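Here is the structure we will look at.
The values are calculated or read from the model by the stated rules, or taken from the named source; none is laboratory data. Please read these numbers as outputs of a predicted model, since none were measured by experiment. Here the Cβ positions follow ideal geometry from the backbone for every residue, glycine too, while neighbour counts run over all protein chains shown.
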Amino acid sequence: MSSSETDLREGGPSDVPPVQAAPLWTANFRLYFGARTGSLLGDAMLPVALSVGVLDAGYGTAGVGYALGAWMAALALCMLFGGVLADRFTPRRMMVWADLVRLVAQGALAVAFAFGAPPLWEIVALQFVSGLATALFQPGVASMVPQVADDLQRANGVLRIAESAAGVLGPALAGVLVSAAGPGVVFGFYSATYGISAICLLLLRLAPADGGADEESFRRRLVEGWREFRSRTWLWSVISVFLLYGCFVAGVSLPVGADLVVADLGSKGLGIGLAAFGAGGVVGGALAIRIRPSRPLAVGTTGWALYAIFPITAAVEPGVVLLSLGWAVAGVGLAFWSVIWATTVQTQIPGHLLNRVYAYDVTGSLLAMALGRSLAGPLASVTGQRPLMYLATALGLACSGMLLAVPAVRRLRAAAAARPGGGKAGAEEPAGAGQAG
C-alpha cells in the first residue's frame, strides 16, 4: 500500500483540495433527484401511517416496533447481497427492480387497510418484503451519486434537503389523510411513488458499466468488500459505536416516541412533530453544503449529540411548540451528519468497491436499528416509556463522546468532495431482454 493510500485510510496529512465542479443540475442529476424525491415523500409519510394504523388496530407499541423492525431486519440481513448484485448487474438495474417490488408490496398493504384492520402478521410480512427490496435498492444510492454529479458534498446536501423537505410535507399530509381517510390512502400514495422513481431511473443516461469483473465469484466479491471495510479503522469504528447508538438511541426513539406523542397530542401532533424534524433537516443539509471541514467526522459527530434530543423531547410531555423545537434541532443534527458521512464514504473509498463497502456499512447500522425497534416494546414495559427515553438521550451523548475518542475518526482528513466528470452523461446502456437499467 502506498503512503498516500495510508494517509487517506487512516487520516494522515494528505488533504486533497476540492475540484471546481461543473453545474449540478445536469439532465442526469435532475432525473436522479426526481427518483429520490418521489420515493422520499412517500417514505416520510410511512412512520405516521404505520404507527397510527398499527396502534389503531390495537397492536400497541410492540406492534409498531415489530412492523418497523421487520423492514429494518430484512434490509440489514440482505444488504450484503444487494451490494454484490449491484456490482454485478449495475446499481440502476437493481434499483428499478426494487422499486417495482416495493410498489406491489405497499400497494397490497393499502388494499389490506382499505378493507379494515389487517392482521399483524400480514403487516409485518409485507414490510419484510419491502425491506428485502430496499436491500437491493440501497447500495446503488451511494454509487449512483458519483455517476450523476461532480460535487459530491453539494449533491448529497441537496438530496438531504429534499429528503428533509419531504419530511416537512409528508408527515403533515399523512396525519391529515390518516385522520380523514385512514392509513390505506397513505399506503396507496406511498406505493405510487415507487413507480415514479422507477421511471426516472430508467431515463438516466449513464456510461456503460465495466463488465470486466463479472467473472468474479459471489463469495470473492463479498470477501473483497469485507477486506476493504475492515482495512479502514475510521469506517469500522463508526459502525462499531453505532451498533450501540443505533440500537438503544435511534432504534427505540421512533416507536416509543411516537406512542408517547400520539397519547399526549394525537396523530396530528405526531405529524406536526415529524414535520418539524424534517424542517430541521433542511437547515442541517444547507449547513452541510456550506461547511466543509478538513476533519469531517470530528465535526460531523456533533450531529449525533443533537439527534439525542429527539427521545427526551417526547418524554417530557411537551406541547406542540416544544415538541417542534426539540425535534427540529434533532433533524438538524441527523441531516448534517448524514451529508458529512455520505460524502466521506464516497470520497474515501474507490468507486469500483463502493457498493460492497457501503453494504457492510449499512448492514451493521441497520442490524442495530432493527434490534432496537424490535426491543422497543419489551424494554418500555420493563423501564417505562419515559425513563427509557431519558436513558436513550444520555446514551446518545455518551456515544458521541466515544466516537470522538477514536483517533482514526477524529483525525481523518477530507478527500476531494468532487470528482471531475462524475456527473457527465455518457452513452446509454444497451437495452436488452429483461434489462431494467
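Summary table
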{"item": "Region 242-279, residues that are of a type outside the set (A, V, I, L, M), farther than 23 Å from Gly401 by Cα and in contact with a helix residue (DSSP H, G or I) (Cβ under 8 Å, 6 or more places away or on another chain)", "result": "Pro255, Gly257, Asp259, Ser267, Lys268, Gly269, Gly271, Gly273, Phe277, Gly278"}
{"item": "Residue in region 147-162 that is in a loop (DSSP other than H, G, I, E, B) and in contact with a Lys or Arg (Cβ under 9 Å, 6 or more places away or on another chain) present", "result": "yes"}
{"item": "Answer from Val96, Val124 - the residue that is of a type outside the set (Lys, Arg) and more than 30 Å from Leu206 (Cα to Cα)", "result": "Val124"}
{"item": "Scope region 34-62; condition among the small types (Gly, Ala, Ser) and either free of Cβ contacts under 8 Å to residues at least 60 places away in the same chain or not in a helix (DSSP H, G or I) (or both); matching residues", "result": "Ala57, Gly58"}
{"item": "Count - residues of region 104-138 that are outside any loop (DSSP other than H, G, I, E, B) and either among the small types (Gly, Ala, Ser) or more than 16 Å from Pro183 (Cα to Cα) (or both)", "result": "20"}
{"item": "Any hit, region 260-283, residues being farther than 18 Å from Gly384 by Cα, in contact with a Phe, Trp or Tyr (Cβ under 8 Å, 6 or more places away or on another chain) and without any contact (Cβ under 8 Å) to a residue 40 or more places away in the chain", "result": "no"}
{"item": "Complete set of residues in region 267-305 that are of a type in the set (A, V, I, L, M) and surrounded by 24 or more Cβ atoms within 10 Å (Cβ to Cβ)", "result": "Leu270, Leu274, Ala275, Ala276, Ala288, Leu297"}
{"item": "Test set (1) touching a residue at least 12 places away in the same chain (Cβ under 8 Å); (2) more than 20 Å from Gly251 (Cβ to Cβ) - Ala70 fails condition number", "result": "(2)"}
{"item": "Identity of the residue in region 301-330, part of a helix (DSSP H, G or I) and of a type in the set (Val, Ile, Thr), that ends up nearest to Gly266 (Cα to Cα)", "result": "Val320"}
{"item": "Residue count, region 349-362 (criterion: crowded, with 21+ Cβ neighbours inside 10 Å and either in a helix (DSSP H, G or I) or free of Cβ contacts under 8 Å to residues at least 24 places away in the same chain (or both))", "result": "9"}
{"item": "Pair list, Cβ < 8 Å and 6+ apart or interchain, from region 229-241 residues that are of a type in the set (Gly, Ala, Ser) to residues that are modelled with pLDDT of 90 or more and not in a loop (DSSP other than H, G, I, E, B)", "result": "Ser237/Leu403; Ser237/Ala408; Ser237/Val409"}
{"item": "Leu68 modelled with pLDDT of 90 or more and closer than 30 Å to Ser381 by Cα", "result": "no"}
{"item": "Residue check, Leu169 on the phi < 0 side of the Ramachandran plot, of a type in the set (A, V, I, L, M), crowded, with 23+ Cβ neighbours inside 10 Å and part of a helix (DSSP H, G or I)", "result": "no"}
{"item": "Members of region 114-123 that are surrounded by fewer than 22 Cβ atoms within 10 Å (Cβ to Cβ) and of a type in the set (A, V, I, L, M, F, W, C)", "result": "Ala114, Phe115, Ala117, Leu120, Trp121"}
{"item": "Subset of region 363-386 [under 18 Å from Thr313 (Cα atoms), of a type outside the set (S, T, N, Q) and without any contact (Cβ under 8 Å) to a residue 12 or more places away in the chain]", "result": "Gly384"}
{"item": "Odd one out for Arg373, checked against (1) within 20 Å of Tyr245 (Cβ to Cβ); (2) surrounded by fewer than 20 Cβ atoms within 10 Å (Cβ to Cβ); (3) of a type in the set (Lys, Arg)", "result": "(2)"}
{"item": "Enumeration of residues in region 15-31 that are modelled with pLDDT under 75 and charged (D, E, K, R)", "result": "Asp15"}
{"item": "Counted residues, region 329-344 - those being among the small types (Gly, Ala, Ser) and crowded, with 24+ Cβ neighbours inside 10 Å", "result": "4"}
{"item": "Subset tally (residues that are farther than 24 Å from Gly38 by Cα and surrounded by 24 or more Cβ atoms within 10 Å (Cβ to Cβ)) for region 67-112", "result": "1"}
{"item": "Filter result for Glu215 (among the charged types (D, E, K, R), within 30 Å of Arg413 (Cα to Cα) and at pLDDT below 85)", "result": "no"}
{"item": "Boolean, Gly326 is surrounded by 16 or more Cβ atoms within 10 Å (Cβ to Cβ) and touching a Pro at 6+ places or on another chain (Cβ under 9 Å)", "result": "yes"}
{"item": "Test: residue in region 196-207 that is over 24 Å from Ala76 (Cα atoms), charged (D, E, K, R), surrounded by fewer than 19 Cβ atoms within 10 Å (Cβ to Cβ) and touching a residue at least 12 places away in the same chain (Cβ under 8 Å)", "result": "yes"}
{"item": "Breaking point among (1) over 27 Å from Asp43 (Cα atoms); (2) surrounded by fewer than 21 Cβ atoms within 10 Å (Cβ to Cβ), for Gly225", "result": "(2)"}
{"item": "Residue check, Leu126 farther than 22 Å from Tyr360 by Cα and at pLDDT 90 or above", "result": "yes"}
